[in-house]
Amino acid sequence: LHLQLPPYFLLLHCDSKEHCLSHRRTDVLMMTPWFAPIVWEGTYNSEILNEEFRQRNVTVGLTVFAIKKYVVFLQKFLETAEMYFMVGHRVNYYVFTDRPEEVPKVALKDGRNVVVLKVQNYSRWQEISMRRMEMISYFSQKQFINEVNYLVSVDVDMRFNDEVGVEILSNLFGTLHPGFYASRRQSFTYERRSASQACVPRDEGDFYYAGGFFGGTVKEVYKLTKKCHEAIMLDKAKGIEAIWQEESHLNKYFVYHKPTKILSPEYLWDDNIGRPQILKKRRFLAVPKNHAAIRNK
Ligand code: 2GW
Ligand code: MN
């Protein structure tokens, strides 16, 4: 008798197949063991989500750092963000730079603003990358908390290539690193030296998250960035620097503060890795860079 029931009989309250049953995937993990959704194309309905977030009149802050020569990435970054990032919602771009006069003027749609924040630069690139944690935590409690509901923190050497919308938003979210989403825990490049605050023991850790895309409510991003910055400073006092700088500290944080949502590598892809079948969209792509020319070490 039961065999005659469709496997989705519990979902019959949905008005149509279109409405519920199409929003699932069987080829990828859709949920963590702590019940956090993992966002892949085909697992959500953006119409429902857009309505929910519009009703709340949510404003999203997108933080991006363009220090020294990295200002060259801003034009494409902002232009493509206008096409694909949180379309139809309120957005503040927070551009942290030491060269405010070199921030390009990009045409913005209604309800969207660019806020330039002048910050100092550091001579070592590792320091530039790591200090983002300090600056985001500082501005979160000083400014962002009064201006936006959510913060999204990303690398600037990137371009948007497809929709990145409110489906990413949650209290605390991270993104699966494109190089490790199919890897086993043993091969994750966590910091392993016990002297570092970022150390993750061999038998711990769920996923390997990318340093270039994380976020959450302002409060949660404040807690994350403050904790990571403090850990980075403790390491520094001991003369140690984590193997992948702040990405290592972010990964440590997520082991003990589980994200409430996880973004698939659709949200941070690099075409150098190829284009596997499971990847239905490449939403945010690494821009190839001439390392020698762009990185003045
Ligand atoms: C970085 C490396 C070498 C020389 C300069 C810089 C640099 C970085 C810079 O001169 N100016 C600057 O603004 N940045 C910022 O730091 C910028 O926002 C950039 O996207 C970010 C991270 O540096 P990036 O994108 O060159 O490094 P990736 O693409 O290898 O990033 C991964 O690894 C990093 C840590 O080593 C971070 O965790 C990053 O989030 C990861 O995506
Ligand atoms: Mn990058």
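If you go through segment 86-100, how many residues are within 16 Å of ligand 1 (Cβ to nearest atom) and not in a loop (DSSP other than H, G, I, E, B)? Give the steps one after another, and end with the answer.
Keep residues of segment 86-100 that are within 16 Å of ligand 1 (Cβ to nearest atom), which gives 93-100.
From the residues that got through so far, the ones that are not in a loop (DSSP other than H, G, I, E, B) too are 93-97, 100.
Matching residues across segment 86-100 total 6.
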Breaking point among (1) more than 16 Å from ligand 1 (Cβ to nearest atom); (2) in a helix (DSSP H, G or I); (3) not hydrophobic (A, V, I, L, M, F, W, C), for K105:
(2)
Residue list for segment 152-182, filter: out of contact with any Pro (no Cβ under 7 Å at 6 or more places or on another chain), outside any loop (DSSP other than H, G, I, E, B), closer than 24 Å to M130 by Cα and more than 15 Å from ligand 1 (Cβ to nearest atom):
I168
Answer yes or no: is there a residue in segment 242-265 that is more than 18 Å from the chain's Cα centre (by Cα) and crowded, with 23+ Cβ neighbours inside 10 Å.
yes
Quick one: in segment 256-297, of everything that is closer than 16 Å to I38 by Cα and assigned to a helix (DSSP H, G or I), which residue is farthest from ligand 2 (Cβ to nearest atom)?
E266
List the pairs whose first member sits in segment 65-92 and is on the phi > 0 side of the Ramachandran plot, whose second member is in a strand (DSSP E or B), and whose Cβ atoms are under 9 Å apart, counting only residues at least 6 apart or on separate chains?
K68/T97; M86/V60; M86/L62; M86/R112; M86/V152; M86/V164
Restricting attention to segment 204-240, which residues are more than 17 Å from E134 (Cβ to Cβ), touching a helix residue (DSSP H, G or I) at 6+ places or on another chain (Cβ under 6 Å) and either open to solvent by 10 Å² or more (accessible area, probe 1.4 Å) or of a type in the set (F, W, Y) (or both)?
E204, Y209, F213
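Each row is one residue, and each column tells you yes or no for (1) at pLDDT below 95; (2) within 16 Å of ligand 2 (Cβ to nearest atom); (3) surrounded by 14 or more Cβ atoms within 10 Å (Cβ to Cβ); (4) not in a helix (DSSP H, G or I).
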| position | (1), (2), (3), (4) |
| --- | --- |
| I38 | no, no, yes, yes |
| E52 | no, no, no, no |
| L74 | no, yes, yes, no |
| N113 | no, no, no, yes |
From R193, R132, R202, R185, which residue is over 19 Å from T260 (Cα atoms), within 16 Å of ligand 2 (Cβ to nearest atom) and among the charged types (D, E, K, R)?
R132
Can we say M133 is touching a residue at least 60 places away in the same chain (Cβ under 8 Å) and on the phi > 0 side of the Ramachandran plot?
no
Which residues, counting only those in segment 162-182, are open to solvent by 40 Å² or more (accessible area, probe 1.4 Å) and away from ligand 2 (no atom under 15 Å from the Cβ)?
E163, N171, F180, Y181, A182
Return only the number of the condition from (1) within 25 Å of N121 (Cα to Cα); (2) surrounded by fewer than 20 Cβ atoms within 10 Å (Cβ to Cβ) that N272 does not satisfy.
(1)
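Got a sec? Which of K227, K219, K223 is within 26 Å of N92 (Cβ to Cβ), more than 16 Å from ligand 2 (Cβ to nearest atom), touching a strand residue (DSSP E or B) at 6+ places or on another chain (Cβ under 9 Å) and among the basic types (K, R)? Full working, then the answer.
On the way: K227 fails: touching a strand residue (DSSP E or B) at 6+ places or on another chain (Cβ under 9 Å); K219 fails: touching a strand residue (DSSP E or B) at 6+ places or on another chain (Cβ under 9 Å).
Of the residues listed, the single one that is within 26 Å of N92 (Cβ to Cβ), more than 16 Å from ligand 2 (Cβ to nearest atom), touching a strand residue (DSSP E or B) at 6+ places or on another chain (Cβ under 9 Å) and among the basic types (K, R) is K223.
Give the residue, chosen from G42, G61, that is modelled with pLDDT of 95 or more, small (G, A, S) and over 24 Å from E220 (Cα atoms). First the steps, then the outcome.
Numbers: G61 fails: over 24 Å from E220 (Cα atoms).
Every option except G42 fails the conditions.
The values are calculated or read from the model by the stated rules, or taken from the named source; none is laboratory data. What you see is a predicted model, and the numbers here were worked out from it, not measured in a lab. A quick note on method: Cβ atoms are made from the backbone with ideal geometry, for glycine too, and the neighbour counts reach across all protein chains shown. Quick note on the areas: whole protein, heavy atoms, side chains included, nothing else; ligands and nucleic acids left out. Shrake-Rupley method; radii C 1.70, N 1.55, O 1.52, S 1.80 Å.
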